Each structure stands twice: as C-alpha cells, then as structure tokens.
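Below is one structure; the comments refer to it alone.
The values are calculated or read from the model by the stated rules, or taken from the named source; none is laboratory data. Quick caveat, the model's predicted, so the values are computed rather than measured. Note: ideal-geometry Cβ built from the backbone for every residue, glycine included; neighbour counts use all protein chains shown.
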Amino acid sequence: MNTDERHRRIGELLRHRDHVSVDELMAECGASGATIRRDLDVLELHGVLRRVHGGARSLVLRGETPEYGQRELEDHAAKVRIGAGVAALLKDRGHVWLDSGTTATEVARQLQQRELTLMPMSLQAVNAIAAGGTAAGRRPELLLPGGRLLPGELSFRGPMTESSIRSLRFDTAIVTPCALNLRDGLLAHDLEDAAVKRAGVESAGRVIVACSGTKWNASAVALVASLDAVDVLVTDKQLSPDERARLTQHSVEVVIV
C-alpha cells in the first residue's frame with residue numbers, strides 16, 4: 001500500500017473499532033512498525049485518531065464528531081468521481097461559488113486548470129487549487145469571502161462571510177450538504193454552516209448539489225434549502241425509480257457518477 005491507501009485503511013478500521021494496535025496495522029497494511037507509527041502521528045495531527053501506547057484509539061466510537069481529516073479518508077473514490085462530474089457541468093469563464101467540506105475540496109482539485117472566477121468557502125479548497133502548481137495555462141481567479149475561520153475545517157463562517165457572498169451574483173453555486181433527504185431537502189450540522197450554504201444558494205442562478213450516497217438520509221439538524229432550489233444533483237447513489245420520480249417532481253436533473 002502507498003501512504004494514502006494506508007491512511008484510508010487506518011481511518012476505515014477506526015470507524016468500526018475502538019482501538020487498533022501497531023502490530024495489527026503492520027499486518028493489515030504490510031508495512032513496518034516505524035512506517036505505521038509515522039502514519040499514526042500524521043493522522044492524529046489531522047484529527048483522525050488519538051495516539052495511545054502501542055496503537056491508536058477511535059475518535060468516532062468514543063462519541064467525538066469526526067474531524068476533517070477523518071472525513072477526507074472516507075468514500076474517497078466516490079468523492080473524486082463526484083468532483084469530476086461537477087467540473088464537467090461548469091462552463092469556462094463562469095463565476096462559481098464553492099461550498100466547504102471534503103467533497104468540495106475534491107471539486108476544487110478538478111478545477112485547478114480551469115478558467116473560472118471561484119469563491120471557495122474553505123482554505124482546504126484554496127490549498128487544493130494552489131497544489132496545481134504555477135505552470136503556464138488556465139487557472140481559476142480566486143475570491144475569498146473573509147470572516148471567521150473554523151479550526152480544523154478551515155472553512156469560513158459568520159456574518160462577514162455571509163455578507164461577502166450576498167454582495168455578489170454567481171452563475172453557479174456548488175453545495176455539499178451534510179445530509180439530504182427527499183422530504184426536507186438539504187441539511188447541515190449547525191446553524192452557521194447552514195447560513196453560509198443558504199447564502200450561496202440564494203446568490204446563484206443555478207445550484208448544483210454534490211452529495212455522496214452516505215449523505216442520503218443522514219442525521220443533520222439545520223435546514224439549508226428545499227429540493228425546489230436545486231437544479232442538478234451529482235451523486236454516486238443508485239437511485240430507485242421512486243426516488244428519481246420524486247426528484248423529477250422538483251425539476252432536479254440527476255447525474256450519477
């Protein structure tokens with residue numbers, strides 16, 4: 001396994017187990033003890049786990065909310081496909097609002113060489129675009145909203161952020177909800193995040209929702225917008241005929257990746 005594969009495997013194991021030992025991870029990943037210990041140190045730094053003597057403990061099963069680093073490891077292949085699917089829907093020279101979160105970061109990676117004006121809601125997305133290097137060619141023009149940075153997530157929050165968004169008009173808003181269901185629509189985990197997402201939705205001519213199958217019918221408390229506000233849904237979920245029919249009732253175009 002390479003480093004990314006080991007990190008994803010360790011994160012997956014700690015989603016379902018309270019504790020894993022270094023010896024178990026050596027056997028699971030086919031790596032040396034020194035390599036596994038370095039992996040655990042890096043993953044702890046990114047909020048994926050808690051280092052303990054001889055191994056690591058899960059943060060998720062101990063009742064702690066998964067941080068950005070943990071979520072970044074989950075459903076990675078699906079998020080890459082969703083990012084590519086969203087990028088294919090965007091026209092060059094457009095003005096685009098981009099939500100925060102791990103799926104939004106994958107969208108940003110797909111836009112590294114695109115000629116767009118982009119307002120990303122997190123420094124994670126900014127860093128993903130910057131990682132594309134400085135080679136000659138097309139590159140997004142970035143607009144940053146200001147406001148308060150949420151630790152760990154590095155996403156923008158608060159009235160300054162909302163005001164910056166609402167002062168502009170975007171061709172497209174790309175929303176990555178924390179949860180989605182056919183009754184309520186798009187949801188977020190907290191009111192501040194919901195307010196930022198709502199500002200993006202209300203400031204754009206078209207709304208694209210990027211949502212992995214794990215977000216369907218997940219638990220979240222803050223309403224962002226109904227499905228009537230959505231134009232396109234990009235997801236890896238295989239929808240039933242009934243789900244497709246209900247989305248059609250809301251005039252939502254579905255792209256399955």
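If the condition is being within 18 Å of residue 235 (Cα to Cα), touching a helix residue (DSSP H, G or I) at 6+ places or on another chain (Cβ under 6 Å) and at pLDDT 95 or above, then region 184-200 contributes only 185. Counting just the residues of region 18-52 that are of a type in the set (A, V, I, L, M, F, W, C) and in contact with a strand residue (DSSP E or B) (Cβ under 7 Å, 6 or more places away or on another chain), which one comes out farthest from residue 151 (Cα to Cα)? So, considering only residues that are of a type in the set (A, V, I, L, M, F, W, C) and in contact with a strand residue (DSSP E or B) (Cβ under 7 Å, 6 or more places away or on another chain), the one farthest from residue 151 (Cα to Cα) is 22. For the condition under 18 Å from the mean Cα position of the chain (by Cα) and either assigned to a helix (DSSP H, G or I) or not assigned by TED's automatic domain parsing to the domain that holds residue 109 (or both), residue 220 does not qualify. Scanning region 163-193 for residues that are buried (at least 21 other Cβ atoms within 10 Å of the Cβ) and of a type in the set (D, E, K, R) yields a count of 1. Tell me whether region 35-48 contains one or more residues that are in the same structural domain as residue 205 (by TED's automatic domain parsing), of a type in the set (D, E, K, R) and either modelled with pLDDT under 95 or under 21 Å from the mean Cα position of the chain (by Cα) (or both). Scanning region 35-48, I find no residue that is in the same structural domain as residue 205 (by TED's automatic domain parsing), of a type in the set (D, E, K, R) and either modelled with pLDDT under 95 or under 21 Å from the mean Cα position of the chain (by Cα) (or both), so the answer is no. Kindly indicate whether residue 86 is surrounded by fewer than 21 Cβ atoms within 10 Å (Cβ to Cβ), assigned to a helix (DSSP H, G or I) and either assigned by TED's automatic domain parsing to the domain that holds residue 213 or acidic (Asp, Glu) (or both). Considered against the rule, which asks whether it is surrounded by fewer than 21 Cβ atoms within 10 Å (Cβ to Cβ), assigned to a helix (DSSP H, G or I) and either assigned by TED's automatic domain parsing to the domain that holds residue 213 or acidic (Asp, Glu) (or both), residue 86 comes out as no. For region 172-215, a residue qualifies if it is in a strand (DSSP E or B) and farther than 18 Å from residue 252 by Cβ, and exactly one does: 188. Against the criterion of being surrounded by fewer than 16 Cβ atoms within 10 Å (Cβ to Cβ), in the same structural domain as residue 223 (by TED's automatic domain parsing) and not in a loop (DSSP other than H, G, I, E, B), residue 160 qualifies.
Looking at region 225-256, which of the residues that are touching a Gly at 6+ places or on another chain (Cβ under 7 Å) and not in a loop (DSSP other than H, G, I, E, B) is farthest from residue 186 (Cα to Cα)?
255
If you check 232, 196, 207 for being surrounded by fewer than 22 Cβ atoms within 10 Å (Cβ to Cβ) and either closer than 17 Å to residue 75 by Cα or touching an Asp or Glu at 6+ places or on another chain (Cβ under 8 Å) (or both), only one passes: 232. Filtered by the rule that a residue be out of contact with any Gly (no Cβ under 6 Å at 6 or more places or on another chain) and in a strand (DSSP E or B), region 133-156 gives 141, 142, 149, 150, 155.
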